[in-house]
Structures are given as C-alpha cells and as structure tokens.
Amino acid sequence: MLVGLQGNGKTTTAAKIAKFLKGKGYKPLLIPLDFKRPGAHEQLVFLGERNGLPVFKDSSGEPVSAIKDVVSYMEEQGFNIGIVDTAGRKEIDTDLMDELKIVHEVLKPQETLLVMDSTIGQGALRVCQGFLDFVDLTGGIFTKFDSSAKGGSVLSFRYVTGKPVKFVGVGEKIDDLETFEPERLISRILGRGDIQTLVEKAQKAISEEESVKLLKKVSEGSFDLNDFREELQSLAKMGGISSIASYLPFASQMKLPANFSDDKMTRKMVAIINSMTKEERENPDIINGSRRERIAKGAGVEKYDVNLLLKNYFNFKKLIKNVKSIDSIIKFR
C-alpha cells in the first residue's frame, strides 16, 4: 500500500514497483484506489497498458468496496502481490487520514510505504509524523532522487519513523527505480561519488563488448564523433550525461549543460553528427567556421547548436580520459 501527499509520485511509483517485481518473478497487480484525484485511475491504467502490467478495474468509486472485490479477483487470477495506489491531498487533512486508516484496516497490507518527494526539505518531518499518526508505516520511497544527492529528507524520515527506506526513484522512465543503499547516499553527500551505482547502470545499458571497444579507443586516442554518436545513444538509456556525471567523484569539476540528458537534445546532436562528412566525423579538429555553417544548414539547426555539440564532444573526451580501464573506475569507490 502506497501512501503520501498528492504530487509526490505515488501513481508512477506504483507502476515502477510493479515492473521491478515482475522482473523478480512475481505476478503483480496494480490496484487504483485513488478516487479523489481526477484522472488518477486512468493514469495508472495507461501506465499499466503501456508496460504490460495488469491493472484492477473497479467502477464502484469507493475504496472499501473495491478492496473486497480485489482480494477475490487476485485469488482467481493467480496474482501473488498487489500494489495499491491510494488517494492523496496537497496537505495532510482529517478526511484523507480517516480514509487511509479505514483502507489500511480493511486491507491489512504486508507493506505500507510512504512515498515522498526528496526535495521536500524541512517539511519532511511534518509529513512523516502526519502519516505515522494514522497508519503503521513499514518503510519509505523517495522520488526525484536523480538530480543530486539529497540526504535531509531521508534522515528526517528515518528519525521520525524508525523505518527503512526501501526504494528511490531516479528518473521518469518505468525502469528508473533503485533499491536504497545508505552507503551510496552517504558517499555522494560527502562528494565521493557513487561509482557502484554508475557501473550497474552501465552494465544494463552497454554490453561488455561495447565497453571494451570504448576503452580501447580511449587508450589509443582514436575516439571520434562516430564513437560519440554511439555513446550518446547508449548514455541516453542511462539517463543522459548530466545524470551520469552526478555519480562521479569529480562531477563538480565538469560543466555540462543541464539539458544534455534530454531525449530531444540527444536526437538533435545525433542529427548534427549525421550531417557531417566521414572526414569530419573522424577528425573533428578540421571543422572550421564555414564547415560549421554547412553542417548546421544540413541538420536544420543553428550554428550555435553545432558549436555546442563540438564543445560537449571535447568535454566528454576530457571526462573519459580519467577512465583508462574498469580497474581505474573501481578505484574511485
């Protein structure tokens, strides 16, 4: 059972957990019990259909009635775990808490997780205590954990509830959910980076063969724009360079544009590289002013965009110069 304030990402998190558990061999069912927020039910159904996740469809409009129906439905259909998305409000109020308390008593969930926005700041103490007064929390989930290391809200949750943080959301995609590792958070807060998480992300997005090929080109000094184009497409699967840089110990020394992780930005950069000649892609140093104008015209962008791409390319080369082998990555830990 997921609880929390409106706008903290409960519905999206429910779908992420279902996908995560499905990958672990469970047969999860998404259960929308948020009958207060317009479109909440439809949002969960959309996320479920888009990602191949079953959703319980109830038209009663009343949580307790839906719970009674869903238990028998799960038994009939062979689902072995249900993920309940409950109603939220902008602020904690009596009506919300009374309803949650009733739903919790009827449902008797094995896990009751408080979903919180990691950027909430000092308000975390009040929110944690507000929910703890009405339902027996077993843990927490923090969303928007990808932009930077945020420890205050996590510490507040632990201080007030004494319960563990189970998951953190690290992006908008369905797979952007990680089990919470306290040691990794502390490492990031202290500026030591989180290379272990970065390596795990890389292993999911980039094959071992591709990694060996990249490291070889880096060591030989032959990394060109053809390679950069391939890496852009791979790194997009990992959340983009801005997200990746946040895990590095020397991230504060790198000045990368905030929109570098955008899918739209990635597509634009790939289009620019595709507008170059074979010679230009293999030897970017020859790209002068007139060549930049021609490339921009061919890609349907401004000359500024070409300049930005080349700047990002040279910055990226500088970044990966620090990584000569997998062994050197692990030494950062």
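Taking segment 23-62, which residues are at pLDDT below 85 and of a type in the set (A, V, I, L, M)? Once the filter is applied, which keeps residues that are at pLDDT below 85 and of a type in the set (A, V, I, L, M), segment 23-62 yields only Ala40. Could you look through segment 62-119, keep only residues that are of a type in the set (D, E, K, R) and touching a residue at least 60 places away in the same chain (Cβ under 8 Å), and pick out the one that is farthest from Asn8 (Cα to Cα)? The selected residue is Glu111. Does segment 160-175 contain any residue that is in a helix (DSSP H, G or I), more than 16 Å from the chain's Cα centre (by Cα) and either at pLDDT below 70 or loosely packed, with under 15 Cβ neighbours inside 10 Å (or both)? Within segment 160-175, not a single residue is in a helix (DSSP H, G or I), more than 16 Å from the chain's Cα centre (by Cα) and either at pLDDT below 70 or loosely packed, with under 15 Cβ neighbours inside 10 Å (or both). Within the set Ser328, Ser252, Ser290, the sole residue that is modelled with pLDDT of 55 or more, part of a helix (DSSP H, G or I) and among the polar types (S, T, N, Q) turns out to be Ser290. Close Cβ contacts (under 8 Å, 6 or more residues apart or on different chains) running from residues in segment 19-42 that are assigned by TED's automatic domain parsing to the domain that holds Asp176 to residues that are assigned to a loop (DSSP other than H, G, I, E, B) and of a type in the set (Val, Ile, Thr) comprise Lys19/Ile174.
Name the single residue, out of those in segment 100-131 being closer than 27 Å to Gly82 by Cβ and among the hydroxyl-bearing types (Ser, Thr, Tyr), that is surrounded by the fewest Cβ atoms within 10 Å (Cβ to Cβ). Across segment 100-131, the extreme among qualifying residues is Thr112. Would it be correct to say that Lys68 is at pLDDT below 90 and either aromatic (Phe, Trp, Tyr) or farther than 30 Å from Val160 by Cα (or both)? Yes.
The values are calculated or read from the model by the stated rules, or taken from the named source; none is laboratory data. The model shown is predicted, which means the values in this text are computed figures rather than measured ones. Cβ atoms come from the backbone with ideal geometry, glycine included; neighbour counts cover every protein chain shown.
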